[in-house]
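The structure under discussion appears below in the form of structure tokens.
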Amino acid sequence: MFSPYYKRSGRHDPLDHACLNVALYGPQHRWVMTERGHSAVQRDAATLAIGPSTVRWEGGALAIDIIEGDTRLFVPWQRKVAGTVRVYPEMLNTAAFALDPRQSHIWHCLAPCARIEVEMTSPACRWSGKAYLDHNRGAEPLETGFNTWHWSRAHLKAGALVCYEGERGDGSLFASALRFDRHGVPEPVELPPIAALPSSTWGITRRTRSDIGVAEVRRTWEDTPFYARSELASRFMGEEVVAVQESLDMRRFSSRLVQFMLPYRMPRRTR
């Protein structure tokens, strides 16, 4: 949905603009977002192959086999990025939610809580921990439906809490909070108070929710001209939590400058 090539094409053939995005943070930072054409994409009911990488359901887990090269500004060669990520859902949710009155944009939190195992061979690293799996789909471009949005998710002792809010393309506001119980069943809950956050380095306005209206940015993982992803210390449902937070500015995304810059971070290959 962030592909500059797909945007220029008129968005007629999504399978001609497929990619696997991989972001490794820390000392061995890697960024992968190579777009590939229709001939490099194969899929069936259980498997999606994009170039040499595959995503498949196997033994109750979503297995992601990564064989890619990273992208760095002003560096013409790529470092290999290879390994396998397995996501094991601890609960499954069957309900999807519309983010606009016309139901042009649908969000589905498939696994509010999950377990992840990461085994990378290049760079060599491995770990396991908590995870989350969701899915978005839409009948119109994201920048048509939304000007901004803010999203945050936190594991609770029993389940998870997800907050979603922003401004739609027509200027109307939306906001919701969903609690998923230990079985993955969603229930709308009262929105916690707004917790203002400092803007990102690129000036992206960030916002989250917290029981006491206060949250702290522990780390900013992704800081781009139109998108920021952060780790927060917050409080939900009376629990001290570590939350993942995202803020997106689609007006920035649509600007000529950002559209000019994107191909340098998102190269395209036909295969």
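Please treat every number below as a calculation from the coordinates, not as lab data. It should be emphasised that the depicted structure is a prediction, and the values quoted were computed from it without experimental measurement. Heads up, the Cβs are rebuilt from the backbone with ideal geometry, glycines too, and the neighbour counts pull from every protein chain shown.
When the range 236-258 is filtered for residues that are crowded, with 20+ Cβ neighbours inside 10 Å and closer than 23 Å to Lys130 by Cα, the ones remaining, listed by number, are Phe236, Val241, Ala243, Gln245, Ser247.
Does Arg115 qualify as being buried (at least 18 other Cβ atoms within 10 Å of the Cβ), basic (Lys, Arg) and not in a loop (DSSP other than H, G, I, E, B)? Judged against the criteria, Arg115 is not a match.
Screening Gly60 against (1) buried (at least 16 other Cβ atoms within 10 Å of the Cβ); (2) over 28 Å from Met266 (Cβ atoms) leaves a single unmet condition, (1). If you take the residues of the range 138-165 that are among the aliphatic types (A, V, I, L, M) and surrounded by 14 or more Cβ atoms within 10 Å (Cβ to Cβ), which of them is farthest from Pro101 (Cα to Cα)? It comes out as Leu156.
When Ser39 is tested against (1) more than 30 Å from Phe146 (Cα to Cα); (2) in contact with a strand residue (DSSP E or B) (Cβ under 9 Å, 6 or more places away or on another chain); (3) surrounded by fewer than 17 Cβ atoms within 10 Å (Cβ to Cβ); (4) among the hydroxyl-bearing types (Ser, Thr, Tyr), just one condition goes unmet, and that condition is (2). For the range 130-202, no strands (runs of 3 or more DSSP E) sit wholly inside it while including 3 or more residues that are touching a Phe, Trp or Tyr at 6+ places or on another chain (Cβ under 6 Å) and more than 23 Å from Trp221 (Cβ to Cβ). Among the numbered criteria (1) under 25 Å from Asp249 (Cβ atoms); (2) under 20 Å from the mean Cα position of the chain (by Cα), which one does Gly129 miss? Here Gly129 clears every test but (1).
Residues in the range 1-41 that are free of Cβ contacts under 8 Å to residues at least 60 places away in the same chain and aromatic (Phe, Trp, Tyr): Tyr6 only. Of the residues screened, Arg168 is one that is surrounded by fewer than 21 Cβ atoms within 10 Å (Cβ to Cβ), in contact (Cβ under 8 Å) with a residue 40 or more places away in the chain and under 27 Å from Ala95 (Cα atoms). Residue-level check: of (1) touching a Cys at 6+ places or on another chain (Cβ under 8 Å); (2) assigned to a strand (DSSP E or B); (3) of a type outside the set (Val, Ile, Thr), Gln28 misses just (2).
Screening Thr84 on (1) under 18 Å from the mean Cα position of the chain (by Cα); (2) more than 20 Å from Lys157 (Cα to Cα) shows it passes everything except condition (1).
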